[in-house]
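The values are calculated or read from the model by the stated rules, or taken from the named source; none is laboratory data. What you are looking at is a predicted structure, and each value in this text was computed from that prediction instead of being measured. Don't worry about glycine lacking a Cβ; one is built from the backbone with ideal geometry, like all the others, and counts go over all protein chains shown. In case anyone asks, the SASA skips ligands and DNA or RNA and just uses the protein heavy atoms, side chains included. Shrake-Rupley method; radii C 1.70, N 1.55, O 1.52, S 1.80 Å.
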Amino acid sequence: MMLIQLKPGEETFYKLVFNKFKKLDVILLCEGETEVRVVKALIRKLGIEVRLVLGLTDCEGINLVPQLTGVIALLARISRKLKALLVLVNAETMDFIDRVRSIVNSLRSKELQVDEPQPLAECDHVFQLCVKVDSRVLPLVVAVNGIKEFNFTKHCIEDHAVKLMLLEGKIDDQEVSKYSEAKQVVAEDEIIDIIGEAAEENVRSVFNHIVCLLNYLVRKNGDC
Amino acid sequence: MPIESVTIRNFRGIRECSMGDFADVNVLIGRNGSGKSTVLESIYLASAWVDSYDKLHNARKMDYVISRRTGRGSWISSRDVLWFLMDVTRDVKMKFTFTNNDKLEFKLIRFDGEGNVWLPIPGGLLSETALIEYDHYNYSDNKLLSIASRSLIGKNLRARFIELYADIIGFLEGIVFIDSNILADPKRVEDVTWSKILAKRLDKFITGMVREEFEADAEDITYMPIGGDKVLALKLSKTTVRVDDLGDGARSAILMASILLTLDNTAVLIEEPESHQHPGGLKAVMNFVLKVAKERKLQLFMSTHSVELLKILQKLCKDVGLRLKIFFLERNVEGFVDVRVLERIDINTLLKLGLDPRFLDVV
């Protein structure tokens with residue numbers, strides 16, 4: 001997989017000017033920088049290979065649905081060569097499907113035709129749908145971060161890091177139960193090290209939703 | 001009567017291009033050869049239907065379009081270059097709609113020896129004037145042409161066309177093309193604009209703009225005798241400098257401002273206004289341009305390669321209260337131009353995502 005980190009824009013500019021890449025097949029929109037780093041770490045760790053050019057960027061921590069869907073709507077409207085748009089968001093206080101439905105409703109309120117989201121068979125955190133703009137149909141795949149078995153008030157990417165720490169024996173349930181949010185258990189900058197040090201099968205299982213998101217590309221393999 | 005949309009067929013490098021829902025300020029971006037300048041030239045040529053001669057560039061507009069990029073050629077010698085792939089069997093057509101919903105489709109006709117822009121005559125008007133054998137009209141020279149018999153006569157249809165299209169004729173008549181050629185020719189701009197500017201003391205506004213960014217001690221613009229001629233010069237606190245001798249940025253700014261201040265209710269075509277400008281100078285010039293555009297009802301069409309210009313225009317259009325639209329043009333090998341429209345907010349969003357709007361063709 002050719003992975004292009006789109007931020008900072010200056011670096012992308014030089015890559016474009018010096019013809020390092022000529023098109024993006026897929027853009028993965030992450031909620032924040034942490035998610036971008038996690039995705040890159042997972043690709044490295046698990047050796048995921050796809051024949052597509054994947055642009056990776058974040059929405060600067062936007063968790064407000066209208067702003068996120070503004071970005072999705074813009075990319076759906078102006079893109080011509082994108083084969084799919086992937087989105088990685090935090091569940092926050094919502095159920096996974098409700099989080100995706102809020103995105104769908106917001107896209108519809110922007111007068112975009114959007115299908116009903118369908119969960120992928122292999123992961124109930126990942127939903128597939130299509131956005132129609134004019135005569136073009138753009139597949140949209142949304143993966144939602146969060147592990148509901150934790151009693152946290154908000155669910156986010158750090159939930160998965162906490163789960164990985166449990167599987168790796170770096171923390172126990174009793175310790176975890178003391179905190180109201182995963183972010184209190186694990187700092188953003190520790191997640192990458194935790195992934196790097198963990199057993200591959202544990203990483204694959206805990207971050208299954210992101211693996212499914214990336215496997216969506218593997219399955220399509222240049223033919224979304 | 002501002003332009004609402006344009007469709008271009010078989011003109012220069014464009015097989016077909018449609019752009020619509022124009023705003024007050026329309027900016028064309030895209031890679032080299034995407035068709036930005038050709039779109040500006042098509043609007044310019046529409047104005048040649050009303051007036052074939054360009055006082056500012058001191059040339060017939062058709063000849064200027066042929067020669068302006070390299071300084072070579074004219075309608076007489078090189079007209080075929082205006083046809084897409086020089087395929088003269090296909091008509092060059094430029095269809096315009098205006099904000100009052102009027103539609104006019106201009107044509108270039110190769111056997112026309114002079115290089116006029118023609119408008120097919122509406123059917124009703126033909127029978128009304130008993131000139132059924134003629135099918136095209138040129139307002140500028142008040143001529144009729146028959147495609148079938150290849151004949152041409154002068155006939156006074158002007159009054160009738162003015163009745164039908166007075167607002168559009170007025171709008172097209174005023175169109176100016178500001179490109180690097182004219183901004184490198186202070187004498188020409190002086191000759192055409194400065195009597196009008198001085199008559200209304202509009203020079204004060206230009207001095208104000210110069211003072212804001214280019215020469216803090218600029219006091220006035222005057223005429224200075226040099227070499228037996230009188231030339232435009234900028235009075236500074238301790239000296240006076242010919243406009244010719246100013247830096248390229250300041251000179252371009254003064255000339256562009258001079259042209260704009262003589263216009264009303266028309267379109268202004270500006271090719272790469274960022275040329276020679278420091279970002280501070282670009283902001284000062286654009287601030288001036290937009291305020292004049294708002295005051296004098298000028299619809300702006302600009303081509304650019306500058307993301308700084310886009311950012312400056314976003315901010316200033318909001319401040320001045322003008323609607324901005326950015327059009328990304330991408331031409332395929334068959335000559336069809338795909339146009340993607342970006343509103344003001346879209347540019348910010350793209351930049352935040354790390355996508356440079358000038359490279360939209362990657363997505």
Q) Does B:K93 fit the bill of being in the same structural domain as B:N332 (by TED's automatic domain parsing) and buried (at least 20 other Cβ atoms within 10 Å of the Cβ)? A) no
Q) Is it true that some residue in segment B:68-81 is farther than 27 Å from B:P120 by Cβ and open to solvent by less than 10 Å² (accessible area, probe 1.4 Å)? A) no
Q. Taking segment A:23-32, which residues are at pLDDT below 90 and not small (G, A, S)?
A. A:E31
Q: Mind listing just one residue for me: the one in segment A:76-88 that is among the charged types (D, E, K, R), part of a loop (DSSP other than H, G, I, E, B) and facing chain B (nearest Cβ under 10 Å) and, of those, most open to solvent (accessible area, probe 1.4 Å)?
A: A:R80
(Q) Just to be sure I understand, how many residues within segment A:38-52 are open to solvent by 60 Å² or more (accessible area, probe 1.4 Å) and either at pLDDT 95 or above or outside any helix (DSSP H, G or I) (or both)? (A) 2
Q | Test result for A:V185, over 18 Å from the mean Cα position of the chain (by Cα) and either open to solvent by less than 60 Å² (accessible area, probe 1.4 Å) or assigned by TED's automatic domain parsing to the domain that holds A:R51 (or both) | A | yes
(Q) With the condition being within 16 Å of the chain's Cα centre (by Cα), I'd like the helices (runs of 4 or more DSSP H) fully within segment B:1-111 carrying at least 2 qualifying residues. (A) B:36-50, B:61-67
Q | The lone exception for B:G35 - which of (1) more than 26 Å from B:D356 (Cα to Cα); (2) surrounded by 23 or more Cβ atoms within 10 Å (Cβ to Cβ) it fails | A | (1)
Q) In segment B:205-231, what count of residues is obtained for those that are open to solvent by 10 Å² or more (accessible area, probe 1.4 Å), of a type outside the set (A, V, I, L, M, F, W, C) and closer than 23 Å to B:P279 by Cβ? A) 6
Q | Selected residue (criterion: farthest from the other protein chains (Cβ to nearest Cβ)) from residues of segment B:327-349 that are over 10 Å from B:G30 (Cβ atoms) and open to solvent by less than 50 Å² (accessible area, probe 1.4 Å) | A | B:G335
**Q.** Filter result (surrounded by fewer than 20 Cβ atoms within 10 Å (Cβ to Cβ), under 18 Å from B:D179 (Cβ atoms) and β-branched (V, I, T)) within segment B:232-289
**A.** B:T262, B:T266
**Q.** Selection from segment A:1-26 of residues that are open to solvent by 80 Å² or more (accessible area, probe 1.4 Å), in a helix (DSSP H, G or I) and at the interface with chain B (Cβ under 10 Å from one of its Cβ atoms)
**A.** A:E10, A:E11
Q | Condition check for B:L300: more than 18 Å from B:V268 (Cα to Cα), crowded, with 22+ Cβ neighbours inside 10 Å and in the same structural domain as B:D24 (by TED's automatic domain parsing) | A | no
Q. Hey, among the residues in segment B:350-361 that are facing chain A (nearest Cβ under 7 Å) and open to solvent by 30 Å² or more (accessible area, probe 1.4 Å), which one's farthest from A:E60 (Cα to Cα)?
A. B:L351
Q | Tally, over segment A:188-210, of residues that are part of a loop (DSSP other than H, G, I, E, B) and either basic (K, R) or buried (at least 18 other Cβ atoms within 10 Å of the Cβ) (or both) | A | 2
Q: Considering only segment A:158-173, state which residues are part of a helix (DSSP H, G or I) and not basic (K, R).
A: A:E158, A:D159, A:H160, A:A161, A:V162, A:L164, A:M165, A:L166, A:L167, A:D173
Q: Return the pairs, sorted by first residue and then second, in which the second residue is among the acidic types (D, E), the first residue lies in segment A:47-75 and is more than 14 Å from chain B (Cβ to nearest Cβ), the beta carbons are less than 8 Å apart, and the residues are 6+ apart or on different chains.
A: A:N63/A:E31; A:N63/A:E92
**Q.** Filter result for A:V104 (away from every other protein chain (no Cβ under 14 Å) and closer than 18 Å to A:N208 by Cβ)
**A.** no
Q.
For the condition under 30 Å from B:A184 (Cα atoms) and assigned by TED's automatic domain parsing to the domain that holds B:F161, what is the one hit in B:D102, B:D63, B:D135, B:D87?
A. B:D63
